[in-house]
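The values are calculated or read from the model by the stated rules, or taken from the named source; none is laboratory data. All figures in this text were calculated on a predicted structure; none of them were measured in a lab. Please note: Cβ atoms are built from the backbone with ideal geometry, for glycine as well, and neighbour counts cover all protein chains shown. What goes into the accessible areas is simple: the full protein's heavy atoms, side chains included, and nothing from ligands, DNA or RNA. Shrake-Rupley method; radii C 1.70, N 1.55, O 1.52, S 1.80 Å.
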Amino acid sequence: MKEIKVIKEKCTGCGACVQACPFGAIEVVEGKARISEDCRLCGACVSSCPYEAIVITGKEEAVDLSEYKGVLVFGEQREGRIEPVVYELIGKGRELADKLGEELSCVVLGYNMKAQAEELLSYGVDKVYLYDHPSLAVFRDDPYTDIIVDLVEKVKPNIFLIGATFIGRSLAPRIASRLKTGLTADCTGLEIDPESRLLLQTRPAFGGNIMATIVCRNRRPQMATVRYKVMKRAEKTSRRGGEVVVMDFNPKKVRDRVKVRKFVKEEVEVSLTEAEVIVSGGKGLGGPEGFKLIKELADLLGGAVGASRAAVDEGWIGYSHQVGLSGKTVRPKLYIACGISGSVQHLAGMGGSDVIVAINKDPSAPIFKVADIGIVGDLYEVLPRLISRIKKYRG
Amino acid sequence: MKGLSDLKKSLNIIVCIKQVPATTEVQIDPKTGTLIREGIEAIVNPFDTYAIEEGVRLKEKYGGKVTAISMGPPQAEEALREAIALGCDDAVLLTDKAFAGADTLATAYTLSLGIRKLGSYDLIICGMKTTDGDTGQVGPGLAEELGIPHVAYVRKIVSLEEKCIVLEKSLENGYEEVEAPLPCLITVTKEINEPRLPSFKRKLLARRAKITLWGAKDLGGDPKRVGLEGSPTTVIKVFHPEPRSGGQVITGDPETQAEILFQKLKELKFL
Ligand SMILES: Cc1cc2nc3c(=O)[nH]c(=O)nc-3n(C[C@H](O)[C@H](O)[C@H](O)COP(=O)(O)OP(=O)(O)OC[C@H]3O[C@@H](n4cnc5c(N)ncnc54)[C@H](O)[C@@H]3O)c2cc1C
Ligand SMILES: Nc1ncnc2c1ncn2[C@@H]1O[C@H](COP(=O)(O)O)[C@@H](O)[C@H]1O
């Protein structure tokens, strides 16, 4: 067992530790630091003390890796709706859990989320830990971190997956730092190594030219974030037997330092990530007018307009349309790339599309290496003809 | 910016910056299987220039001081000189062989030691991510190590008052206006400002500026938590992504090509 102690002779009551303590567990009483039972032995005060007056004694319990079992997924919600990425994490999580012969669970924080939590069970989740309270309706890093860290320490998951949304990317590193475990960002591949049973986390590195496989050997849980549309969505299953575990929650026990004053919704003109059909234009359009043609075809197919970075950098179309490593990841049923060369960075964002069509003048363009249907030709000659053919067919 | 009159103290701002390769087109040496990094110029992480600019703007508005801090090899001193050229007052480089091979957890820990050593501060500003690590994890991780709150993906500082800062924080479908107490850490996006270019005068100043160097001994802390040893994640393999294989290529005149494509789309039930 570890113990924490203030060496009274050395303590000057300066208060550096009070500032440093993440748990508000230290006060200065009569000129000396006093540590309360809220202390979690994180050691933040030890390194903050200018006088080496705080020490942690006793043996550090070696992390017993075998205690950690199961896959946990962060069930992010906004305005009471479970985020789409969660279903994808559940799909992947189920596969990983089955390989390990372990449980798949999900943690949901929010208000009036009982029905949504029940619903998750039908996607193959064994257990949903539900924290339901008005104060949890809107995400805030502080209380969410405190609650999830507490849950992780209780249930000890082997693997913990979080969606790489704005919220997930803010929350995950905070949790990982508190737990002193590894966290791999934006994984595109997650697998179990059959020998070591470690989670193999693969992600693009150095601008996507290179993929790196990363493991977290000696710490648990093995944490990873995954972008929306990278993994396949879980299907509803007939398997039953899962349960929703309603967790106790006391708002007084968590910190809550940042206040959300209001949320302002902004219309996103294209929902690229949701679209089943995407028609994309690149540098080969030669100018902004080219996107009129792209839009016309997209409209006919009921799809959205995408773009390469080169086209966005030229200012022909807004950044929200950019597909690729530094833009959005998309996984439509049909992706039509017009005048796009097919750089690795672009492919990183659309390589998962079901059917890829490419129209490019240059027969050696790399896009043809991934296209299911490749058209070697001038987009300005092919697209207008395709558009009028579709219009004729529709009458 | 509102709240000007409310601010009675001068600000102490810390900006975290990293030196990165100017290009991300790093290749693998086919013979040795290692990364080829030679001959690639090093720059300040482009996202961090927005952090520097925002820090300098706050200082110019309210008075105070901006300190740039970086963990990296000795040559990262160049990046810190550039930060001074861009308006920072002071710069600290955390450099030691023991820090090498740090992942985001060890980096955040090491930076927290350096920042603690600097003393008190009101605001820490990080970029939203680096172009080489590309994780965006160091900022929130650092805030956790320091025990202070953070707000990620800040696109605008709405107002600054004695004890709190009001911010616009980006979300996928809009933004939140949030109020955070000081001291706190923010990570900023590209929308927040338009970074300036360094003036000739500041460039000269930067060339002569003294950069503080701190090693593992200076920082103290737990030696097991820095560098490779303090990094729970290990890269076990790097490889080139496997391309998906191409399919049918349609040549011929545009009329025929359009017709074949039309038939294909119909066949696949997109029409
Ligand atoms: C860190 C990093 C991140 C990046 N992130 C992204 C990203 O997210 N998304 C992205 O797209 N890129 C990204 N890039 C940029 C990427 O490397 C390429 O520069 C970019 O994708 C090229 O865009 P393009 O294919 O439109 O242009 P080009 O490479 O210039 O290709 C234009 C193509 O159009 C063809 N063409 C020309 N005229 C016609 C015509 N009339 N008819 C038919 N074909 C024609 C040409 O043959 C050519 O193949 C990133 C780069 C880096 C370093
Ligand atoms: N070695 C470092 N030294 C100083 N700041 C860093 C370092 N690495 C990352 N940061 C900061 O953390 C941000 C996010 O980095 P990353 O998590 O690597 O994407 C950067 O924009 C910097 O502000």
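Strands (runs of 3 or more DSSP E) fully within segment A:94-185 that include at least 3 residues being on the phi < 0 side of the Ramachandran plot and within 14 Å of another protein chain (Cβ to nearest Cβ): A:159-163.
Among the residues of segment A:1-24, just one is of a type in the set (A, V, I, L, M), within 14 Å of chain B (Cβ to nearest Cβ) and touching a strand residue (DSSP E or B) at 6+ places or on another chain (Cβ under 6 Å), namely A:VAL18.
When residues in segment B:145-156 are screened for being open to solvent by 10 Å² or more (accessible area, probe 1.4 Å) and either in a strand (DSSP E or B) or more than 9 Å from every other protein chain (Cβ to nearest Cβ) (or both), 3 of them pass.
Residues that are modelled with pLDDT of 95 or more, among the hydrophobic types (A, V, I, L, M, F, W, C) and within 6 Å of ligand 1 (Cβ to nearest atom) within segment A:324-364 comprise A:ILE340, A:ILE359, listed in sequence order. Scanning segment A:32-44 for residues that are open to solvent by 40 Å² or more (accessible area, probe 1.4 Å) and either modelled with pLDDT of 90 or more or in a strand (DSSP E or B) (or both), we see that the one that is nearest to A:SER177 (Cα to Cα) is A:ILE35. Scanning segment A:342-393 for residues that are more than 8 Å from chain B (Cβ to nearest Cβ), surrounded by fewer than 17 Cβ atoms within 10 Å (Cβ to Cβ) and more than 33 Å from the chain's Cα centre (by Cα) yields A:LYS361, A:ASP362, A:SER364, A:PRO384, A:SER388, A:LYS391, A:LYS392. Among the residues of segment B:223-271, those identified as part of a loop (DSSP other than H, G, I, E, B), surrounded by fewer than 13 Cβ atoms within 10 Å (Cβ to Cβ) and facing chain A (nearest Cβ under 7 Å) are B:HIS240, B:THR251. Of all residues in segment A:166-203, exactly one satisfies the criterion of being open to solvent by 10 Å² or more (accessible area, probe 1.4 Å), in contact with a Ser or Thr (Cβ under 9 Å, 6 or more places away or on another chain), away from ligand 1 (no atom under 16 Å from the Cβ) and of a type in the set (S, T, N, Q), namely A:THR202. Hey, any hits in segment A:190-199 for a residue that's out of contact with any Pro (no Cβ under 8 Å at 6 or more places or on another chain), more than 7 Å from every other protein chain (Cβ to nearest Cβ) and hydroxyl-bearing (Ser, Thr, Tyr)? Looking through segment A:190-199, at least one residue is out of contact with any Pro (no Cβ under 8 Å at 6 or more places or on another chain), more than 7 Å from every other protein chain (Cβ to nearest Cβ) and hydroxyl-bearing (Ser, Thr, Tyr). Note on segment B:87-108: residues that are of a type in the set (A, V, I, L, M), more than 25 Å from B:ARG57 (Cβ to Cβ) and touching a Phe, Trp or Tyr at 6+ places or on another chain (Cβ under 9 Å) total 3.
The residue of segment A:279-311 that is nearest to ligand 2 (Cβ to nearest atom), among those that are touching a Lys or Arg at 6+ places or on another chain (Cβ under 9 Å) and closer than 19 Å to A:ARG389 by Cα, is A:VAL279. Inspection of segment B:221-241 finds a residue satisfying the criterion of being within 16 Å of ligand 1 (Cβ to nearest atom) and under 30 Å from A:VAL357 (Cβ atoms).
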